[in-house]
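Below is one structure, written out as structure tokens; comments come after it.
Each value in this text was obtained by applying a stated rule to the coordinates, not by laboratory testing. Since this is a predicted model, take the numbers as computed values, not measurements. Using ideal geometry, Cβ is built from the backbone for each residue, glycine included, and neighbour counts are taken over all protein chains shown.
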Amino acid sequence: MRSLKPSPHLFADVLARVHAVCVALGGEGVLPAGLDLSRVVVEPPRDPTHGDMATNAAMVLAKDAKAKPRDLADKIADKLRADPIVEKVDVAGPGFINLTLKTSAWFGALRSVLEQGKGYGRSNAGAAEKVNVEYVSANPTGPMHVGHCRGAVFGDALASLLSFAGFDVTKEYYINDAGAQVDVLARSAFLRYREALGENIGEIPEGLYPGDYLKPVGEALALEHGDKLLKQSESEWLPVVRAKAIAMMMDMIKGDLAALNIRHDVFFSERSLIEGGTDRVGATIAGLRAKGDVYEGRLPPPKGAPVEDYEDREQTLFRATAFGDDVDRPLKKSDGSYTYFASDIAYHKTKVDRGFLNMVDVWGADHGGYIKRVQAAIKAVTGGKAALDVKIVQLVKLLRNGEPVKMSKRSGDFVTLREVVDEVGSDAVRFMMLFRKNDAVLDFDLAKVIEQSKDNAVFYVQYGHARGHSIFKNARETVPSLPEDEAARVAFLRDAKIERLSDPVELSLIRQIAIFPRIVEAAAVAHEPHRIAFYLYDLASEFHALWTKGRDMPHLRFIIQNDAEVTIARLALVQGVVSVLASGLAVLGVHAPDEMR
């Protein structure tokens, strides 16, 4: 993944100062002139006792300088010690450079939050680069289930994060409406159609979809066609029933997603690749063949597969091994129809044709083995110009007080997304689906995510935002001029004498606030929105801890009855916390309440 050009904030400011030192050393002959500094970073040290920030400049530039990292680090450190915002510089280990900043630098960061409000952390770092984020893309055969839910939330939060970081994002859903599963859907719906006409259909046959959600489809077909479809052959009624069923399933899916405040920009039909007078799959294969990337040949038997499952035949193959895959891949089935992979190549080519050279696909846990071949195909189709990052979302174990949740009657064999949202709310679902890295299995306990305790992360973070507003309300006795309107309050607090914030716990909270823009940039680069959720929990925890200390140590309370100046300074700190919590929660698609009920 490429790095972003950081937008102005304290970490970016210090990085610019480190770059300036390296350029100066280039002018002195210590470093080669015109050196690529893109690998130089400034980040928080792993151990907070080592300082405020650390840079790897000496480690990554030593080879170009033909110097020992430690010796180069000493030269860089000498120049950084002269910087007006730097309090102390230490060289550690083989050549890491640790920086401690003057307190005034952190005050400047807090003032930035007060200036930018909820926009703090937003940047133009993505330079409006077009990014296509495709997520959910569930087969249109029924309601969304809790497994779809995690991929839906992850993809939506990632799209929001990338947009916040300055990318031009399109949110896309690929409708798998051309495979055998939609024919099964049509036959299942036709059974419900017969039921709607008064026939006793008995038990749903194995292999068809059993859920009650298809009853409305059958009723709609009966209302629209009467008994006319009963007089037709399957080849006649199947496309009619299939189209109606898919349309109604997609309406249901969109409704389920809307319950989570998820709305896609584009719904792309797989069937459109081969219908409407154009065969884009065939055209894509022809284009690859012309470049020598498609050929007719035979594949060796798959390792470990029984001989009877293998068909040794001449077939159309994509030369996937030339682009990093393990084996070449079939593009046509024995009956001459296209493989799903062939359609997938053509589909991703449409993304490239629409101007997307940066693509992200969010897939389920069972698709991990499919990644290499699709990435290989994109390399072939674009000559290596486009990049696809596939994010795998692991399974969700749905629990209630530690016990597995029973299946849904409505769906037939799974718990629906809508049932989960209706029980615990979209905020709890969205935050907790992100409060674990996407590639780790998630235990989602319906009872625990609505507890009002520190152990419930979404409550703890939202409570931090609400607590800040409670402090503002209570502070008006000491500071009657504090405006109730948020914009007016923020403007009022910009004049706070924040230099009065001198306690180490206050400065620590300011440092936590100041790191938010860098967290956003790093999370955007890595395509990891869970980093925002983790950060918000840490920020809320530190805020709650300071509030708790004030109960035992009155001089640390946010409201000091006989000192309006200190109170206003601390209210400015609270506003910094509130603004960042609101900003980060908005990125995750979670509400920031002013009060908790």
Self-check item: the chain - mean residue ellipticity at 222 nm from DSSP helices (-39,500 (n - 2.57) per run, n ≥ 4, rounded to 500)
Solution: -15000 deg cm²/dmol
Self-check item: Hz values of 3J(HN,Hα) by residue in the range 82-91 - Karplus curve (6.51, -1.76, 1.60), Gly and Pro given as x
Solution: 7, 6, x, 9, 9, 8, 7, 10, 10, 9
Self-check item: Helix runs (DSSP H) in the chain reaching 18 Å along axis by Cα, Kyte-Doolittle at least -1.0
Solution: 10-27, 103-116, 146-164, 180-196, 234-258, 340-353, 457-475, 530-552, 564-588
Self-check item: Per-residue Cβ neighbour rank within 10 angstrom, fewest leading, Asp47, Asp156, Asp293
Solution: Asp47, Asp293, Asp156
Quiz item: If the chain between Glu43 and His544 were fully stretched, how many nm would it gain, using 0.36 nm times the residue separation less the Cα-Cα distance?
Solution: 177.9 nm
Quiz item: Which pairs, out of Lys332/Lys437; Lys244/Lys372; Lys254/Lys391, put more than 26 Å between their alpha-carbon atoms?
Solution: Lys332/Lys437; Lys244/Lys372
Exercise. Kindly rank 277-285, 92-100, 570-578 from highest to lowest mean number of other beta carbons found within 10 Å of each residue.
Key: 570-578, 92-100, 277-285
Quiz item: In whole Å and largest first, what semi-axes does the C-alpha gyration tensor of the range 457-588 yield when each eigenvalue is scaled by 5 and square-rooted?
Solution: 26, 15, 13
Practice problem: Give, in nm to one decimal, the length gained when the segment between Lys333 and Ala365 is fully stretched (0.36 nm per residue of separation minus the Cα-Cα distance). | Solution: 9.0 nm
Quiz item: Long-range amide H contacts for Ala387: which residues qualify at under 5 Å (H placed 1.01 Å from N, peptide plane, sequence gap of 5 or more or a different chain)?
Solution: Asn358, Met359
Quiz item: In the range 457-588, with Lys and Arg counted as +1 and Asp and Glu as -1 at Cβ, which of these residues, Ala586, Ala569, Ser541, has the Cα nearest the positive end of the dipole, that is, farthest along it?
Solution: Ser541
Quiz prompt | Anchor Lys88: aspartates and glutamates whose Cα lies under 12 Å away (excluding residues fewer than 8 positions away in-chain) | solution = Asp52, Asp78
Quiz item: What residues qualify as long-range amide H neighbours of Ala54, i.e. H under 5 Å apart, gap of 5 or more or another chain, H built at 1.01 Å from N?
Solution: Glu43, Leu99
Quiz item: Amide H of Ile175: which non-local residues (sequence gap of 5 or more, or other chain) have their own amide H closer than 5 Å, using H built in the peptide plane?
Solution: Phe268, Ser269, Glu270
Exercise. May I ask you to sort Ile345, Ile392 by Cβ crowding, counting other Cβ atoms within 10 Å and putting the fewest first?
Key: Ile392, Ile345
Self-check item: Percent RCO, i.e. relative contact order, over the range 457-588, from Cα pairs under 8 Å lying at least 6 residues apart
Solution: 42 percent
Self-check item: Order of Thr548, Thr567, Thr339 - criterion: other Cβ atoms within 10 Å of each residue's Cβ, fewest first
Solution: Thr548, Thr339, Thr567
Quiz prompt | Percent antiparallel among DSSP beta bridges (both partners in the chain, rounded to 5) | solution = 45 percent
Exercise. Just need the relative contact order of the chain here, percent rounded to a whole number, with Cα pairs under 8 Å and 6+ apart.
Key: 16 percent
Self-check item: Those trypsin sites (Lys or Arg not before Pro) in the range 457-486 that DSSP places in a loop and that have at most 14 other beta carbons within 10 Å
Solution: Arg476
Quiz item: Which peptide among 518-528, 25-35 comes first, and what is the full order, when sorted by highest mean count of other Cβ atoms within 10 Å?
Solution: 518-528, 25-35
Self-check item: Two-site label geometry, Asp74 and Ala243: point separation in nm, points 7 Å out along Cα→Cβ
Solution: 8.0 nm
